[in-house]
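Asker: This is the structure I want to talk about, given as structure tokens.
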Amino acid sequence: MIEIKDLLLNFNSILLSEEVKKSSIVNVLCQTVCAQIKSEDVKIKNGIVYLNIKPIYKNEIFLKKEEIFCKLKETLGKKCPRKII
């Protein structure tokens, strides 16, 4: 029988990896776009990054999308998001 503490450790590692992904995405976006983006403005769901930021920053991210994805692949490897919205 699986103990509760084992399940909680699994959830903790999943949550930790999501926070690591978020911070990596925020760092890459801040370096590329030169804008201050908060981790609260970034949501990750099903491999898609949702940004709650000003449209002017979203446009710049869209223009530099290839550069951002290259940096994210270097940083995150296989856990790189598929899309940024």
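Bear in mind that the values in this text are calculations on the coordinates, not laboratory data. Model, not experiment: these values are computed from the prediction. With ideal geometry, Cβ positions are generated from the backbone for all residues, glycine too; neighbour counts draw on all protein chains shown.
Asker: Going through the DSSP H helices of the chain, which span 15 Å or more along their own axis at the Cα atoms while scoring at least -1.0 as a mean Kyte-Doolittle hydropathy?
Answerer: Details: long enough: 4-33 (43 Å, 0.61); 65-76 (16 Å, -0.46).
Flagged H segments are 4-33, 65-76.
Asker: Sticking with this structure for a sec: Under 12 Å from the Cβ of residue 21, count the other residues' Cβ atoms, weight Lys and Arg +1, Asp and Glu -1, and hand me the total.
Answerer: Working: positive: 22, 43, 45, 78, 79; negative: 18, 19.
Net charge in that neighbourhood comes out at +3.
Asker: Could you calculate the FRET efficiency of residue 73 with residue 3 from 1/(1 + (r/R0)^6), where r is the beta carbon distance between them and R0 is 41 Å, rounded to 0.05? Mind showing how you got there, number by number?
Answerer: On the way: r = 37 Å, r/R0 = 0.91.
With a Förster radius of 41 Å, E is 0.65.
Asker: Net charge near residue 39: determine it from the other residues with C-beta under 13 Å of the C-beta of residue 39, scoring Lys and Arg +1 and Asp and Glu -1. Mind dumping the intermediate values first?
Answerer: Details: positive: 21, 22, 38, 43; negative: 18, 19, 40, 41.
Net local charge, residue 39 excluded: 0.
Asker: Right, another one. How do 72, 8, 29 rank when sorted from fewest to most other Cβ atoms within 10 Å of their own Cβ? Intermediate values should be presented prior to the final figure.
Answerer: Working: 72 22, 8 10, 29 26.
Ascending number of Cβ neighbours within 10 Å: 8, 72, 29.
Asker: Local charge sum around residue 68 (other residues, Cβ-Cβ under 13 Å, Lys/Arg +1, Asp/Glu -1)? The partial results should precede the final answer.
Answerer: Working: positive: 58, 64, 65, 71, 73, 82, 83; negative: 60, 66, 67, 74.
Once all neighbours under 13 Å are counted, the net charge is +3.
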